[in-house]
1. Which whole number in µm²/s is D for the chain by Stokes-Einstein, with the Kirkwood Rh taken over Cα pairs at 20 °C and 1.002 mPa s?
2. Treating only the Cβ atoms of Lys and Arg (+1) and Asp and Glu (-1) as charged, compute the dipole magnitude of the chain about its Cα centre; round to the nearest 20 debye.
3. How many nm is it between the label spots at Val72 and Lys32, if each spot is 7 Å from the Cα in line with the beta carbon?
4. Helix 71-88 against the longest principal axis of the chain: what's the angle in degrees, Cα atoms only, rounded to the nearest 10?
5. On the accessible surface of the chain, probed at 1.4 Å, how many percent belong to carbon and sulfur atoms?
6. With a probe of 1.4 Å, find how much accessible area segment 5-88 has per residue, and write the answer as a whole number in Å².
7. Which shape class applies to segment 35-85: rounded if a/c is under 1.5, otherwise prolate when a/b exceeds b/c and oblate if not, where a ≥ b ≥ c are the square roots of the Cα gyration tensor eigenvalues?
8. What Cys residues in the chain are without a partner cysteine, judged by a Cβ distance under 4.7 Å?
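The values are calculated or read from the model by the stated rules, or taken from the named source; none is laboratory data. All values derive from a computational prediction rather than experimental measurement. FYI the Cβ positions are ideal-geometry reconstructions off the backbone, even for glycines, and counts take in every protein chain you see. The protein model used for the area step is the full one, side chains on, heavy atoms only, and it has no ligands, DNA or RNA in it. Shrake-Rupley method; radii C 1.70, N 1.55, O 1.52, S 1.80 Å.
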Amino acid sequence: MSTFTLSTTQKHKPLLLSKGFCYIIDKTTIDKTYSKCEHARKLKCKGRVHTDYINTTLLYKNDNHNHSGNAVSIEIIIFEEKARDRATN
């Protein structure tokens, strides 16, 4: 389907990055992980992603966002994560 990148938040929670959008984990079951757009509460965004339990395969993607994606912010998130890793090591 579509490609995505795994990252972490500042609180070390999993974060999925795809096409300029960030998704945080909403809930997990035995075989799936359900993630929602990071703006689900603030902007009432309906963007969703379903992956397998270990976040390796994208099973479902709802691109029904009510805001535009920002590829630059994704690059900044990846850069900040690398800087955090270097600081801790």
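1. Calculated translational D: 159 µm²/s.
2. Numbers: 15 positive and 9 negative charges, 72 e Å.
Around 340 debye, computed over the chain.
3. With each label placed 7 Å out from Cα toward Cβ, I get 3.6 nm.
4. Taking the Cα atoms of the chain, the angle to 71-88 is about 50 degrees.
5. Numbers: 3250 of 6150 Å².
Carbon plus sulfur share of accessible area: 53 percent.
6. Working: 5610 Å² over 84 residues.
Value for segment 5-88: 67 Å² per residue.
7. Details: a/c = 2.22, a/b = 1.19, b/c = 1.86.
Oblate.
8. Cys22, each lacking another Cys Cβ under 4.7 Å.
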